[in-house]
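Asker: The structure follows.
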Amino acid sequence: MRALRKLFSFNGGVKPAPHKAASIAEPIAIAPLPERLMVPLWQSTGAAALPLVQAGDRVLKGQRIGAADGGLSVAVHAPSSGTVLEIGPQPMAHPSGLLAPAIVLATDGEERWTELEPVNVGGTPPDALRDILRDAGIVGLGGAVFPSHQKLRPGAHGTRTLIINGAECEPFITCDDMLMRERAAGVLRGAMLMKHILQAREILIGIEDNKPEALAAMRAAAGSEAEVVAVPTRYPAGGAKQLIRVLTGIEVPHGRRSTDYGVQCFNVGTAFAIHQALDHGQPLISRLVTVAGNVARPRNYEVLIGTAMREVVALAGPRPDTNRYIMGGPMMGLPMPGFDVPVVKATNAILAGSPTLFPPAPPEQPCIRCGDCARACPADLQPLELYWFSRARNFGKAQEYHLFDCIECGCCAYVCPAHIPLVDYYRYAKSEVWAREREKEAADAARQRFEFRNFRQEREDSEKAAKLAARNAAAAAAARAAADSPAPSATAAEPAEPAAEGQKKALIAAALARAQAQQAAAPPRNTDDLSAETQAEIAAIEARRQEPATTANIAGGDATGTSATPTAMPAAADKKKALIAAALARAQAQQAAAPPRNTDKLSAETQAEIAAIEARRQQAARLPPEPAPEPPREPPLEPPK
Amino acid sequence: MLSALLVMTGIALAIGAALGYAAVRFRVEGDPLVEKIDAILPQTQCGQCGYPGCKPYAQAIAGGEAEINQCPPGGEEGIRKLADLLGREVKPLSEEHGVEKPKAVAVIDEQTCIGCTLCIQACPVDAIVGAAKQMHTVVEKLCTGCELCVAPCPVDCISMVTQAETVQTWKWRYPVVPLRVEGKRAA
Ligand code: SF4
Ligand code: SF4
Ligand code: SF4
Ligand code: SF4
C-alpha cells in the first residue's frame, strides 16, 4: 500500500536543524495541577467566548465556563475543579503584551469532574455533532486554533479526502510525534469520527519520514482504515497547503480553499481531541506541550489550559540565563511578553530562549535582490516584492502580490543573506490591512447611518411643515368661520357653517349611521338551529349590545342638540365638548349596562365581595368627572386630513 | 511607395473608426469623483472640515472649493490618499481645522444624564439611544467619535474616551532595525 501512492512535492522549503531528539527521549508526563489557572476567553480564531460564571462560583473540572459567541467561536471550560477567583484582564499568550479577559480559577485539588456524556455519533445528525464540538471547545491544535466545527463542513462538492497532519515539520516541537506514538488509537478514532462527519471517502495520515516510531504506531493502529504516508522531511511539509500538495498533488490556488477541491486537513492533536469530545464527552481542557530550548530536560507535558508557562517550564529545568519564552517553534513561534502568560489552546511548544541559544537577529541590511527568498518560499510568492511593498506601506500592492497567501513560515527570512526580518514586515502589513478593513467597514456603516439620518430628518421636517401648514389653514378657517357667523341664533344652519366643520360633522354622522345600519342589518347568521335556551342567551347579548349603542346615540343626539342651541361659542370648542360628553356618556352606559357575567354560581360570600368591589369602582368612576376631565387627546372620529 | 502609403492610411482610418466606435459604444459613465473622494474620507461626520459632513466636503473638494487638508480625523494618510486620487500636492493638515487624534468614543455618565435628548439630536449617525426623560446611552460600535454630542449636553455628562487597543485589534509594529553600537567598527 505504501508503494502505491505517488507523492508530489512543493516548491521551496528549507531544512533547518531539527533539534527534536532531546524531547522525545522520555514519554509524555502529566504536568502537576497548579494552584491557579488563567483561562482566557479568547483562544480561537473568531470571537471570544462569553463568560458563564461569576467570581465566587464553584466549578467542576470540564464544566463549560465560557459559551461560544456566534458561529466562529468556541466554548472554554474549567480545566480543573475549584472556585472562580475573578473574571478580568489577565496576561495573555500574545506578542502584544496586552491584557485580555480571562477567568481565573483557584483549584481545590480534588479534580472533580462534571458529568461527562459520551455522544452516540451514529445516531446524531452532523449539525448536532458540530454544535457538540463547538461546545466542547475543539479548535485546530496545530497552532492556528481555527474552530474545528467550522472546518468539518463538507465542501460544495463534498469532501473526498480527509488528511490528518502529523508532519510536524517545525524544529524542536515533538508533541504530535509523542501523541502518535503513545495515543495512536485515539488519533485514528478521531480521524474516523471526522471522516463520518465529513462523509469523506478516504483518510490520509501524513507523517514526516524522520519519525519512524510514530509512523509505525499509526500504521499499526490504522490497519486498513486509513493510509499512513511517510512524507519527505522538509520544512514546512506540515503546512496545510504543502501537505495537501505532497499527498494529493492538488495545488490550491490563490483565493480558493482546499474544500473546493474535496480535501480537508486536520492536525493529529485535533483528531485526538475530537475523539475525546465525542467518545468520552470530555471537552478540550488540556493539551500536549513541548518544552524545549534552554532547559535541562526537554520533554512533552500534558498541561491544563490556563497553567502559567513559568510553571510548565520549571518542570523541565530552565537554565538560569533564560530570558524569554517563545510560543511555538523557532521558525513560526511568537515571542511571549512575559513568563506568567497562560498556556492556551494554541500552545504546542514553549521554547525557552537565552541570548546565546536564540541570539537577537543580526542587523538588517539592504536587500540585494538575490532572489533566495523567492526560491525558498513554499507558497510560491515573491517575498522580496512583498517586503518592498510592506516596508513602503504600500499595502494595496502587497495584496496584489498575494500577501495573504503567505503562511508566515519564515523560510524566506531563514535564507535571506541580508538578515531582513521579512516575516515581521508581512505580519505588520497584514495587521495594518486588517485594521484598515475594520476602519473601512466602520466608515461605510457610518456613511449609511449618516445618510439615513439626513433622510429621516428631511422627512420629519417636511412632515412637520405639512402638519403646521394644515393646522394654520384650519385655524385660519375657524377664525374665518367665527367671523362669518357671529350670530348667536345660528340654528345649526348647515349652509352658514364653514365647509371644514360641515364636512367633519357629516363624516361623523355618516359613520354613526353606518354603524347603526350595520347593527340593524346584521342578520342572525347561523343561529337558527340552536336550542331555545341558546337563542334566548343570544337575544340577551344582543339586547345588551344595543343598549350602550343607543345610549351613545342619544348622547350623540344630545351633542348635536347642544351645538344646535344658540351659543356664542365658536364651533370648534363646541364640538370638542360634544365629543367629551359623548365619550363620557358611552362609558357610563357601558358600565351601567355591564351585567353580572359569570358570577351567578358563586357563593354568597364571594358575591358580596364582588358587589363591594363594584360599588367601589363605581364610586371611583363617578368621582373624577367632578373636576373638569381632561379631554381625550385623540377624538375617536377625527376625519383624516 | 504610393500603395504603401495608401495601405498605411487605410489601416489608420480603419483603426480610427474602430476606436471611435468603441469610444461611443463602450463609454464608461463619467467617474463619480465625489463618491471616490467620499470613500477616502473617514465618515466621522464631525464637521471639522467646515462642511456639514463628509459628503458635503467631498463635493466641495470635487468642486474645487476646498483644500484637501481640512479633515483632521482622516489625518496624514487621508491627505496622502486624496492627493494621490486628485493628483495634487500632499500638504500638512491645516491647523485651523484641528489636529489628528486617536479614535475615541463618547461615553455618557448615566448617573448624571437627565434625558434631555439634546445629544440624540446632535449625533450625526444616530449612535445614541434614549428617550425624553430616560437615561441615554451611546452605542459604542456606532459612535464615530465626532464629539458633536459633547457641547450640547446641558449637564456636561458626555466624555470622550480613547479606545484602548485589545488583543484582537492589536497591530504588529513596523519592524525597527536594532541599532547595535559596535564601537570599533562604527568608526
Ligand atoms: S533573500 Fe533577502 S536579500 Fe535576497 S532578495 Fe530576498 S529579501 Fe532580498
Ligand atoms: S514567510 Fe511567507 S513569503 Fe516567506 S517563505 Fe514563508 S510563505 Fe513565503
Ligand atoms: S472633518 Fe469630519 S466631517 Fe469633515 S470630512 Fe473629515 S471626518 Fe468628515
Ligand atoms: S455619540 Fe457623540 S461622538 Fe459618537 S458619533 Fe454620536 S455625536 Fe459623535
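The values are calculated or read from the model by the stated rules, or taken from the named source; none is laboratory data. Everything quoted here is computed from the prediction, not taken from an experiment. For neighbour counting, all protein chains shown are included, and Cβ atoms are generated from backbone atoms with ideal geometry for every residue, glycine included. Ligands, DNA and RNA are excluded from the accessible area calculation, which covers all protein heavy atoms including side chains. Shrake-Rupley method; radii C 1.70, N 1.55, O 1.52, S 1.80 Å.
Asker: Are there helices (runs of 4 or more DSSP H) fully within the range A:133-230 with at least 2 residues that are among the aliphatic types (A, V, I, L, M)? List them.
Answerer: Filter on the range A:133-230 gives A:175-182, A:184-198, A:212-222.
Asker: Can you list the helices (runs of 4 or more DSSP H) lying wholly within the range A:368-474 that have 2 or more residues being within 14 Å of ligand 1 (Cβ to nearest atom) and not assigned by TED's automatic domain parsing to the domain that holds A:Gly333?
Answerer: Working: elements: A:372-376, A:383-391, A:395-400, A:411-415.
The helices (runs of 4 or more DSSP H) meeting that bar are A:372-376, A:383-391, A:411-415.
Asker: Residue check: is B:Cys153 within 14 Å of chain A (Cβ to nearest Cβ), more than 19 Å from the chain's Cα centre (by Cα) and at pLDDT 90 or above?
Answerer: No.
Asker: Quick check on my filter: what residues within the range B:130-141 are more than 10 Å from ligand 4 (Cβ to nearest atom) and more than 11 Å from every other protein chain (Cβ to nearest Cβ)?
Answerer: Listed by number, the residues that qualify are B:Gly130, B:Ala131, B:Ala132, B:Lys133, B:Gln134, B:Met135.
Asker: Within the range A:385-413, count every residue that is more than 8 Å from ligand 2 (Cβ to nearest atom), away from chain B (no Cβ under 14 Å) and touching a residue at least 24 places away in the same chain (Cβ under 8 Å).
Answerer: Qualifying residue count for the region: 3.
Asker: Another question about this same structure. Of all the residues that make up the range A:335-364, how many are open to solvent by 50 Å² or more (accessible area, probe 1.4 Å) and either more than 15 Å from A:Ala292 (Cα to Cα) or within 14 Å of chain B (Cβ to nearest Cβ) (or both)?
Answerer: The number of residues fulfilling the criteria is 8.
Asker: Collect the residues in the range B:142-155 that are loosely packed, with under 15 Cβ neighbours inside 10 Å and either near ligand 4 (Cβ under 9 Å from one of its atoms) or farther than 23 Å from B:Val99 by Cα (or both), keeping them in residue-number order.
Answerer: B:Pro154, B:Val155
Asker: Further question: Of a type in the set (Ser, Thr, Tyr) and either more than 28 Å from the chain's Cα centre (by Cα) or within 15 Å of A:Gly281 (Cα to Cα) (or both), is that true of A:Thr159?
Answerer: no
Asker: Moving on to the next point. Considering the range A:414-445 alone, what residues qualify as being more than 10 Å from ligand 2 (Cβ to nearest atom) and touching a Cys at 6+ places or on another chain (Cβ under 7 Å)?
Answerer: Once the filter is applied, which keeps residues that are more than 10 Å from ligand 2 (Cβ to nearest atom) and touching a Cys at 6+ places or on another chain (Cβ under 7 Å), the range A:414-445 yields A:Pro417, A:Ala418, A:Ile420.
Asker: Would you point out the residue of the range B:47-77, among those that are in contact (Cβ under 8 Å) with a residue 40 or more places away in the chain and open to solvent by 20 Å² or more (accessible area, probe 1.4 Å), that is farthest from ligand 3 (Cβ to nearest atom)? Spell out how you get there, then give the answer.
Answerer: Initially, the range B:47-77 is screened for residues in contact (Cβ under 8 Å) with a residue 40 or more places away in the chain, giving B:47-50, B:53, B:73.
Okay, now just the ones that are also open to solvent by 20 Å² or more (accessible area, probe 1.4 Å), so B:47-48, B:50, B:73.
Numbers: B:Gly47: 5, B:Gln48: 4, B:Gly50: 8, B:Pro73: 4 Å.
The residue in question is B:Gly50.
Asker: State whether the residues of the range A:83-97 include one that is in the same structural domain as A:Glu202 (by TED's automatic domain parsing) and hydroxyl-bearing (Ser, Thr, Tyr).
Answerer: Scanning the range A:83-97, I find no residue that is in the same structural domain as A:Glu202 (by TED's automatic domain parsing) and hydroxyl-bearing (Ser, Thr, Tyr), so the answer is no.
Asker: I've got another one for you. Among the residues of the range B:92-131, count how many are open to solvent by 60 Å² or more (accessible area, probe 1.4 Å) and not in a strand (DSSP E or B).
Answerer: 14
Asker: On to the next question. Pick from the range B:59-79 the residues that are under 20 Å from A:Arg436 (Cα atoms) and within 14 Å of another protein chain (Cβ to nearest Cβ): which of them is nearest to ligand 4 (Cβ to nearest atom)?
Answerer: The extreme case among them is B:Pro73.
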